[in-house]
Amino acid sequence: MATVSGLNIYTPRFLTKPAKEAPKAKPMIRLNNPWGRTHRFGNRRMQLRQVRAAPEGLSDKVEQSIKNAEEACAGDPASGECVAAWDEVEELSAAASHERDRKKGSDPLENYCKDNPETDECRTYDN
Amino acid sequence: MAATVCTVYTAQSLNSACSISTPSKTHLGFTQRDVVLFSSSGKKTNRRCSKSVITCAGETVVIGLAADSGCGKSTFMRRLTSVFGGAAEPPKGGNPDSNTLISDTTTVICLDDYHSLDRTGRKEKGVTALDPRANDFDLMYEQVKAIKDGIAVEKPIYNHVTGLLDPPELIKPPKILVIEGLHPMFDERVRKLLDFSIYLDISNEVKFAWKIQRDMAERGHSLESIKASIEARKPDFDAYIDPQKQYADAVIEVLPTQLIPDDNEGKILRVKLIMKEGVQFFSPVYLFDEGSTISWIPCGRKLTCSYPGIKFYYEPDTYYGHEVSVLEMDGQFDRLDELIYVESHLSNISTKFYGEVTQQMLKHADFPGSNNGTGLFQTIVGLKIRDLFEQVVASKVKTPVEATKA
């Protein structure tokens, strides 16, 4: 149990290692919180994961599609034109969000550490 | 004995890639490029083929995942493929805007690829992507059926960035095929191909909160635009997407918490896992005593939880006329020991070792929902599907042996 409580949530492979480096303090392992509170972690690697806007092209498209939808709905909010325009907003917003997620995973240090969690540059410390 | 002809692909999963060739039948979009033909005149090949005839046909297990856009399908897919082992990646060297994910065992295809109308087409006709008229169910059925039968297909690619249909990509039959999107259970023919189906049912309050979370940072978006988009799509969503949940073998329902009176923040979630009874190779998860009704608060002397705590509920029920078991979790995990404690009290979760659910949740602690019922139930459903897959394979291996005995 001591081993388990001392593990760092980002490197679960440390489970198999002795807990000599584990902090003695009561672990406050926070499982993820979907509301983007991750920046409160005192973990230096987390700070690389900041929300970035989607690439310019998609961001522009999202913005433009919202304008178009507002125009399309000015006349008849129940028209097929209006509904299809808002559907396009949803599609582009989802695409922009996926793109952001994809970018997040493209951090070279993150990728390296996924394969080499035991190396010095990939060690993380809880406070 | 008639000479049997097996088609063998160069794919990584040789087992699932055999099939009896049907040269007279031409399916739309099938590839010939990677097909190698083996004539079974020699004894060696013959033995391989006779086995193939029985075990290969339909060896691909097909899973359907339905949910609206922005309701956590991608996260669920990442959890699912992780449980099966190996990371799922986009096809190497292919279209960078491909929607497909491939791992050693699993291929995930996005049903948006079967849009019959591209973005401009939908705009002209005034229909949404939710509308069946914007989707080609004939092609969807033919291609999913072909893959299930062990035949590779050339699947179109819907490009979400450009809104156009790109040139197709080759999809080889995997061990497990997941079809995810808006309509996996809409068409009866496609539905019948599914070995297991899941519906992610996100309540309106939570959907709104999630989309705010997703979109507010995006230029041009405001609370009004997010609300307008949800409301404009709602009639089509209610007509074409929501009714699919009656066919699902498992439904994950996401609701606001009941632990905090009048909570309107939407941060704490109450999540229900609704599991159909009597589904082949799937036995529902239960709490303490199968078939009883149990309300359980794990926090107390043995386990300390922080506000607002954790509450579980388990009961037999009916859902759209089907017998179901419902497991519900309200609240969130703040610490690791809470998760382990809960896992150790659940039964029938199809883990291979003690703590596997916890390990999976920790492995992906950065995914949304890893501290609440969405992550917990997604992980458990992943384990149940792995179990189902193993049972399907075992049952198919057994069949020819039993046949020779008889």
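The values are calculated or read from the model by the stated rules, or taken from the named source; none is laboratory data. The model shown is predicted, which means the values in this text are computed figures rather than measured ones. Don't worry about glycine lacking a Cβ; one is built from the backbone with ideal geometry, like all the others, and counts go over all protein chains shown. Quick note on the areas: whole protein, heavy atoms, side chains included, nothing else; ligands and nucleic acids left out. Shrake-Rupley method; radii C 1.70, N 1.55, O 1.52, S 1.80 Å.
Summary of values
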quantity: Equivalent ellipsoid, region B:107-180 (semi-axes from 5 times Cα gyration tensor eigenvalues, Å); calculated: 24, 12, 9
quantity: P(r) weight above 18 Å for region B:233-322, C-alpha pairs, percent; calculated: 60
quantity: Shielding by partners - mean other protein chain Cβ count within 10 Å, residues of B:232-241; calculated: 3
quantity: Solvent-accessible area, 1.4 Å probe, carbon plus sulfur percent, for region B:120-169; calculated: 56
quantity: Convex hull of region B:162-273 built on C-alpha atoms - directionally averaged projected area, nm²; calculated: 10.1
quantity: Calculated SAXS-style log₁₀ I(q)/I(0) at q = 0.17, 0.20, 0.23, 0.30 Å⁻¹ - region B:348-389, Debye, Cα scatterers; calculated: -0.40, -0.55, -0.72, -1.07
quantity: Environment charge of residue B:392, counting only residues whose C-beta is closer than 13 Å and scoring Lys/Arg +1, Asp/Glu -1; calculated: +2
quantity: Net charge, residue B:104 excluded, C-beta distance under 11 Å - Lys, Arg +1, Asp, Glu -1; calculated: 0
quantity: Heavy-atom accessible area per residue - region A:74-127, 1.4 Å, Å²; calculated: 53
quantity: Residue-wise HN-Hα coupling along region B:131-142, computed from phi with Karplus coefficients 6.51, -1.76, 1.60 (Hz; x: Gly, Pro); calculated: 6, x, 5, 8, 10, 9, 6, 5, 5, 4, 4, 4
quantity: Exercise: per-residue mean of other protein chain Cβ atoms within 10 Å, B:215-226; calculated: 6
quantity: Gyration tensor (Cα) of region A:63-105, equivalent ellipsoid semi-axes in angstrom; calculated: 27, 9, 4
quantity: Cut-off under 5 Å, modelled amide H: who pairs with residue B:364 long-range; calculated: none
quantity: Whole-Hz ³J(HN,Hα) from phi, Karplus 6.51 cos²θ - 1.76 cosθ + 1.60, for region B:260-272, glycine and proline x; calculated: 10, x, 6, 5, 10, 7, x, 8, 9, 10, 10, 10, 10
quantity: Pairwise burial A:B, computed as accessible area of each alone minus the pair, summed, 1.4 Å, Å²; calculated: 4200
quantity: Surface accessible to a 1.4 Å probe, residue B:89 within the full protein complex, Å²; calculated: 90
quantity: For region A:112-125, 3J(HN,Hα) per residue [Karplus equation, 6.51 cos²θ - 1.76 cosθ + 1.60, θ = phi - 60°, Hz, x = Gly/Pro]; calculated: 4, 6, 4, 8, 10, x, 8, 6, 4, 5, 9, 6, 10, 10
quantity: Members of A:61/A:103; B:272/B:384; B:155/B:192; A:104/B:384; B:125/B:148; B:172/B:192 lying beyond 23 Å, as alpha-carbon distances in this model show; calculated: A:104/B:384; B:125/B:148
quantity: Residue mean of other protein chain beta carbons inside 10 Å, B:161-167; calculated: 3
quantity: Solvent accessible area, Å² - residue B:289, 1.4 Å probe, full protein context; calculated: 80
quantity: 1.4 Å probe accessible area per residue over region B:154-248, in Å²; calculated: 38
quantity: Length-normalised contact order for region B:252-320 - Cα pairs under 8 Å, 6+ apart - percent; calculated: 25
quantity: Lys, Arg +1 and Asp, Glu -1 on Cβ, resulting dipole of region B:96-137 about Cα centre, debye, nearest 20; calculated: 280
quantity: Protection-proxy order for peptides B:201-207, B:291-297, each taking the mean of Cβ atoms within 10 Å per residue, highest first; calculated: B:201-207, B:291-297
quantity: Per-peptide average of other Cβ atoms within 10 Å, ordering A:73-82, B:217-226 highest first; calculated: B:217-226, A:73-82
quantity: As computed over region B:302-406, the Cα convex hull volume per residue (Å³); calculated: 157
